[in-house]
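Asker: Below are the structure tokens for one structure; questions will follow.
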Amino acid sequence: MKKVAVIIGGGQTLGEFLCKGIADAGYHVAVADLNIDNAIKVADEINQKHGAGTAKGFGVDATNEESVIKLAQNVDNTFNRADLMVYSAGIAKAAPITNFALKDFQLSVDVNLTGYFLCAREFAKLMLKHNTAGRIIQINSKSGKVGSKHNSGYSAAKFGGVGLTQSLALDLADYGITVNSLMLGNLLKSPMFQSLIPQYAKKLGIPESEVEQVYIDKVPLKRGCDYQDVLNVLLFYASDKASYCTGQSINITGGQVMF
Ligand SMILES: NC(=O)c1ccc[n+]([C@@H]2O[C@H](COP(=O)([O-])OP(=O)(O)OC[C@H]3O[C@@H](n4cnc5c(N)ncnc54)[C@H](O)[C@@H]3O)[C@@H](O)[C@H]2O)c1
């Protein structure tokens, strides 16, 4: 029987790439996103490549308890199990602390942390229901290990994700479910990073065209993080080969963060 993966925030960018890579690795894929049109589009593209029924798109607001409960029920009704839940939804609102709006701080915590809690809780229940030694993987950031200037909401929420991952790993160890976070470096070509370039240029006092190089120069391996780097590590932590690893926060930063 094919394993089933659920990717929250699977409708675009990294999440889309992970959905397609996980399907290529042989999973059924539930593509879940706030943007249901994108989720359906990604699922359709997977089905065109791997055959009808391989993937299905779902709308979800990961910050809304009812919506997440409904998603878990829909995934159960459609695929009758969940082996892997990847929480990739995220949002970055940047501003100096003296200008940081409370609503932006709260949105950062809601999407980056509370949504992870809700999805991990509901999909852990589904794994337990079907007696599955499943995998929960959070897409985190190097900002979950080191502070990030003008990104207080994002960094605070991502740090919280590390504590949540460790606690979930303890709660779920008895059932053989592992929980790990992937701490990414900058995905330089992503809309999220590109949207922050004007603020970074201002912060650094340089033209926008020079910002990417500044961020490349911070990385010992001298390049940004690629979506494929993330997929490579994720497939390992989703596999049986990683069955002795849980509660970890794994750096994928080209050496930029080493603890
Ligand atoms: N882009 C980077 O440079 C970078 C670096 C490190 C870590 N990350 C992390 O990688 C992950 C993916 O980032 P990305 O660049 O692909 O971002 P993105 O903004 O391109 O995609 C995020 C996806 O999450 C969805 N989403 C947002 N709020 C949601 C909600 N409430 N419920 C369900 N879905 C929701 C969006 O619709 C979107 O499809 C995030 O967790 C981010 O923090 C990104």
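The values are calculated or read from the model by the stated rules, or taken from the named source; none is laboratory data. From a predicted model like this one, the values you see are computed outputs, not experimental measurements. When we count neighbours, we look across all protein chains shown, and the Cβ atoms used for this are built from the backbone with ideal geometry, even at glycine.
Asker: Among the residues of the range 23-38, are any part of a loop (DSSP other than H, G, I, E, B), farther than 22 Å from Tyr237 by Cα, charged (D, E, K, R) and within 9 Å of the ligand (Cβ to nearest atom)?
Answerer: no
Asker: While we're here: Take the residues in the range 1-17 that are more than 18 Å from Val68 (Cβ to Cβ) and more than 9 Å from the ligand (Cβ to nearest atom); name whichever of them is modelled with the highest pLDDT.
Answerer: Here is the first cut: in the range 1-17, the residues more than 18 Å from Val68 (Cβ to Cβ) are 1-3, 12-14, 16-17.
If we keep only those that are more than 9 Å from the ligand (Cβ to nearest atom) too, we end up with 1-3.
Details: Met1: 83, Lys2: 92, Lys3: 98.
Out of the qualifying residues, it is Lys3.
Asker: Would you check which residues across the range 76-105 are within 14 Å of the ligand (Cβ to nearest atom) and among the aliphatic types (A, V, I, L, M) and list them?
Answerer: Met85, Val86, Ala89, Ile91, Ala92, Ala94
Asker: Checking Val6 against (1) surrounded by fewer than 23 Cβ atoms within 10 Å (Cβ to Cβ); (2) over 30 Å from Gln199 (Cα atoms), which single condition isn't satisfied?
Answerer: In the conditions (1) surrounded by fewer than 23 Cβ atoms within 10 Å (Cβ to Cβ); (2) over 30 Å from Gln199 (Cα atoms), Val6 misses (1) alone.
Asker: Across the range 45-86, which residue is surrounded by the fewest Cβ atoms within 10 Å (Cβ to Cβ) among those that are part of a strand (DSSP E or B) and touching a residue at least 60 places away in the same chain (Cβ under 8 Å)?
Answerer: Out of the qualifying residues, it is Leu84.
Asker: Any idea which residue in the range 54-69 is nearest to the ligand (Cβ to nearest atom), counting only those that are of a type outside the set (A, V, I, L, M) and within 21 Å of Ala238 (Cβ to Cβ)?
Answerer: Restricting to residues being of a type outside the set (A, V, I, L, M) and within 21 Å of Ala238 (Cβ to Cβ), the top hit is Phe58.
Asker: Right, here's the next one. Looking at the range 141-149, can you tell me whether even one residue there is over 30 Å from Leu221 (Cα atoms), surrounded by fewer than 22 Cβ atoms within 10 Å (Cβ to Cβ), more than 14 Å from the ligand (Cβ to nearest atom) and modelled with pLDDT of 95 or more?
Answerer: No.
Asker: Further, regarding this structure: Hey, any hits in the range 190-209 for a residue that's polar (S, T, N, Q), modelled with pLDDT of 95 or more and closer than 23 Å to Ala5 by Cβ?
Answerer: Yes, there is a match, as at least one residue in the range 190-209 is polar (S, T, N, Q), modelled with pLDDT of 95 or more and closer than 23 Å to Ala5 by Cβ.
Asker: Quick one: what pairs do we get from the range 216-232, first residue among the small types (Gly, Ala, Ser), second within 15 Å of the ligand (Cβ to nearest atom) and part of a helix (DSSP H, G or I), C-beta under 7 Å, 6+ apart or different chains?
Answerer: The qualifying pairs are Gly224/Tyr215; Gly224/Ile216.
Asker: Within the range 151-168, track down each residue that is over 15 Å from Phe117 (Cα atoms) and crowded, with 24+ Cβ neighbours inside 10 Å.
Answerer: Answer for the range 151-168, where residues must be over 15 Å from Phe117 (Cα atoms) and crowded, with 24+ Cβ neighbours inside 10 Å: Gly153, Tyr154.
Asker: Taking interchain pairs and intrachain pairs at least six residues apart, which have beta carbon atoms under 6 angstrom, with the first residue in the range 181-200 and more than 21 Å from Pro96 (Cα to Cα) and the second of a type outside the set (A, V, I, L, M) and at pLDDT below 95?
Answerer: Leu187/Phe193
Asker: Return yes when Ala133 is touching a Leu at 6+ places or on another chain (Cβ under 6 Å), farther than 20 Å from Ile197 by Cα and more than 13 Å from the ligand (Cβ to nearest atom) and no when it is not.
Answerer: When the stated conditions are applied, Ala133 does not pass them.
Asker: Failed condition for Met85, given (1) over 30 Å from Gln199 (Cα atoms); (2) more than 16 Å from the chain's Cα centre (by Cα), with all others met?
Answerer: Evaluating Met85 over (1) over 30 Å from Gln199 (Cα atoms); (2) more than 16 Å from the chain's Cα centre (by Cα) leaves (2) as the failure.
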